[in-house]
Amino acid sequence: MSDKKDFQNDRSTIFISKKGTMNYCLVAVTIFNKGAETCQIRARGRLISKAVDVAEITTRKFLPEMLEIAEVKIGSEEVENDGFKKSVSTIDITLKKK
């Protein structure tokens, strides 16, 4: 039973990269239309602002009567690039049905 829940959480997580903001908004709407109760939006570094935009557009424009921002977690990760370690900021935004 817990394996199914883990699978559901993996399927309802959106990792922000270089695609357009509206693409991620439509993915979030699709996740909720398929019956998910929550959706996580994850980003790091310079893409954090895009993750915030996706969360706001989805909750205010696409599904304002259905969704709310449940939780926002911020943190940082150590990333190694060419032998150098640097700290990269991260954000995890959880949307849920009202």
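Is it the case that some residue within region 30-48 is crowded, with 17+ Cβ neighbours inside 10 Å and assigned to a loop (DSSP other than H, G, I, E, B)?
Checked region 30-48: at least one residue is crowded, with 17+ Cβ neighbours inside 10 Å and assigned to a loop (DSSP other than H, G, I, E, B).
Taking region 1-21 as the search range and keeping residues that are hydroxyl-bearing (Ser, Thr, Tyr) and either within 13 Å of THR38 (Cα to Cα) or modelled with pLDDT of 95 or more (or both), which one is surrounded by the most Cβ atoms within 10 Å (Cβ to Cβ)?
SER12
The values are calculated or read from the model by the stated rules, or taken from the named source; none is laboratory data. Just so it is clear, the model here is predicted, and its values are computed rather than measured. Please note: Cβ atoms are built from the backbone with ideal geometry, for glycine as well, and neighbour counts cover all protein chains shown.
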